[in-house]
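What follows is one structure encoded as structure tokens, with my remarks underneath.
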Amino acid sequence: MERGSDAASVKKCPECGSQELIRDYERGELVCNHCGIVIEDSFIDQGPEWRAFDSEQDDRRARTGSPMTFLSHDKGLATEISWSNKDYYGKRIPHKNRAQIYRVRKWHQRIRVSNAAERNLSLALQLLNDNGAKLGIPKDLKETAALIYRRAVENNLIRGRSIESIVCASIYAACRMVNLPRTLDEISKASEVNKKKIGKAYRHLAKELALNIKPTTPYSYVAQFCNKLNLDKQAILLSEDIVRRTTENGIASGKGPTGVAAASIYIASVMLKKPRTQKEIARVSGVTEVTIRNRYKEISKALGLEGLD
């Protein structure tokens, strides 16, 4: 017997209006603890029928596969044959049967990809996984990028363009959508695809798929750049404050967000006596030292911060 929570907790007793409900799984009833009325007499236990005392035991006893994912060309719904030469009970498969298992496994891998379109999708999603791992982006963001790529395939936007550039553009768009942007330089370096090709492919996807992505702001890059420069939270907060004041003064208008973020971090590091050179910041942010100097002069003059050097 368990007191009401989850779905039961949001229900009310039709007799007395109490929300204190009890789920009795032995009898399959939903009972009001206040007046005793039986609200439901065929309550279904949605949980597993087995008990597990640790995650390893839970994995071993579960009889369901992994959830559906867009990162696999078949969405992870196909049967998998393990490459370990062990049977269901964990016993080693005899040598005389291994050749047969190898042939079954090989043919299974072949029939999972039935045509050229599925083969290309499989290769593209594998490439997306690899690039995502190099960039250190989380799985849910890679799922978003995979969904964008699938929409591009459905709308026939791949024709005439390389798979690599569309994959990189999908990753860039997904990062922009969840406000965890990666610069084109970062994606280009991780994927070894020309930055101009990625930018062109991204603009094509954004227009044809109507992604409606808002422009990035310097705030989006401050924490990322500071972490790469080993600057603490105090530097992040001061940099964000400088960005805020810069934006309010209209200095950031028409300027690249990475350049404004880089210059703000440079000013904050000097003010906190934890200086980072313009060369270091330029390497991390992907903008030139000249751009950082120009933005630094504009910001320091407008905010009255001259003479920091």
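Values quoted throughout were computed directly from the atomic coordinates according to the rules given, and no laboratory measurement underlies them. What you see is a predicted model, and the numbers here were worked out from it, not measured in a lab. Virtual Cβ from ideal backbone geometry, glycine too; neighbours counted across all protein chains shown.
Between residue 249 and residue 97, residue separation times 0.36 nm minus the direct Cα-Cα distance comes to 47.2 nm. Phi-derived couplings, Karplus 6.51 cos²θ - 1.76 cosθ + 1.60 at θ = phi - 60°, listed residue by residue for region 133-144: 5, 5, 7, x, 8, x, 5, 5, 6, 5, 4, 5 Hz, with x used for Gly and Pro.
A helix-only calculation puts the chain at -17000 deg cm²/dmol for mean residue ellipticity at 222 nm, using -39500 (n - 2.57) for each DSSP H run of at least four residues, averaged over all residues. Which angle from 0 to 90°, rounded to the nearest 10, does the C-alpha axis of helix 95-112 make with the longest principal axis of the chain? Approximately 60 degrees, to the nearest 10. Listed values for region 165-179 are Karplus-derived 3J(HN,Hα) couplings in whole Hz (6.51 cos²θ - 1.76 cosθ + 1.60, θ = phi - 60°), namely 5, 5, 4, 5, 5, 5, 5, 4, 5, 4, 4, 5, 5, 9, 6, and x replaces Gly and Pro.
Among 32, 226, sorting on how many other beta-carbon atoms sit within 10 Å of each Cβ, with the fewest leading, yields 32, 226. A straight chain from residue 228 to residue 189 at 0.36 nm per residue would run longer than the Cα-Cα distance by 12.4 nm.
Taking 0.692 mPa s as the viscosity and 37 °C as the temperature, the Stokes-Einstein diffusion coefficient of the chain based on its alpha-carbon Kirkwood radius rounds to 133 µm²/s. Counting neighbouring beta carbons within 10 Å and listing from fewest to most, the residues 16, 168 come out as 16, 168. Once backbone amide H atoms are built at 1.01 Å from N, residue 39 has 30, 31, 32 as its partners under 5 Å, excluding neighbours fewer than 5 places away on the same chain.
Ranking of 164, 118 by neighbouring Cβ atoms within 10 Å, starting from the fewest: 118, 164. For region 116-208, the C-alpha radius of gyration divided by 2.2 N^0.38 Å, with N the number of residues, is 0.95.
Computed over region 196-309, the range of Cα coordinates on each principal axis works out to 48, 28, 26 Å, biggest value leading.
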